Amino acid sequence: VQLSGGLAIALNDRSAISFSVASAFAASTRTKPPGGQESRVPGSASNTTTFNVGASYVLRSGWTFNGQLAAGLTPDAPNFIIGMRASRSF
């Protein structure tokens, strides 16, 4: 199960910033040995929640640059994620 929400703010016609929170929950794994009873695997459930801040900028040449910083809010989430991306429109 995943849930996310956010807000994007256009600063002008070429740049924008965004803020979001994303959460994902995975239930625990279950196992059943032959002829045995079904049981949960300890520590297999996870809940990851991150807070994301991003920015984008469009150059006159058609290139778009995006950057993102995500901070983990739960023990199962990564501490930090840094992302950079560039794309060109034709």
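The values are calculated or read from the model by the stated rules, or taken from the named source; none is laboratory data. These numbers were taken from a predicted model, which means no experiment stands behind them. Backbone-built Cβ (ideal geometry, glycine too); neighbour counts: all protein chains shown. For the accessible areas, the whole protein counts, side chains as well, though only heavy atoms, and no ligand, DNA or RNA atoms are used. Shrake-Rupley method; radii C 1.70, N 1.55, O 1.52, S 1.80 Å.
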**Message:** Quick check on segment 9-24: of everything there that is open to solvent by 40 Å² or more (accessible area, probe 1.4 Å) and of a type outside the set (S, T, N, Q), which residue is nearest to Gly72 (Cα to Cα)?
**Reply:** Val21
**Complete:** Selection from segment 67-77 of residues farther than 20 Å from Gly5 by Cβ and touching a Gly at 6+ places or on another chain (Cβ under 8 Å) yields Gly67
**Unmet criterion (only one of (1) basic (Lys, Arg); (2) at pLDDT 95 or above; (3) not in a strand (DSSP E or B)) for Arg85** = (3)
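In this structure, does Asn52 turn out to be touching a residue at least 40 places away in the same chain (Cβ under 8 Å), within 30 Å of Thr29 (Cα to Cα), part of a strand (DSSP E or B) and open to solvent by less than 80 Å² (accessible area, probe 1.4 Å)? Give the steps one after another, and end with the answer.
Numbers: touching a residue at least 40 places away in the same chain (Cβ under 8 Å): yes; within 30 Å of Thr29 (Cα to Cα): yes; part of a strand (DSSP E or B): yes; open to solvent by less than 80 Å² (accessible area, probe 1.4 Å): yes.
Yes.
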**Request:** Could you tell me whether Gly6 is open to solvent by 50 Å² or more (accessible area, probe 1.4 Å), modelled with pLDDT under 90 and closer than 26 Å to Phe80 by Cα?
**Result:** no
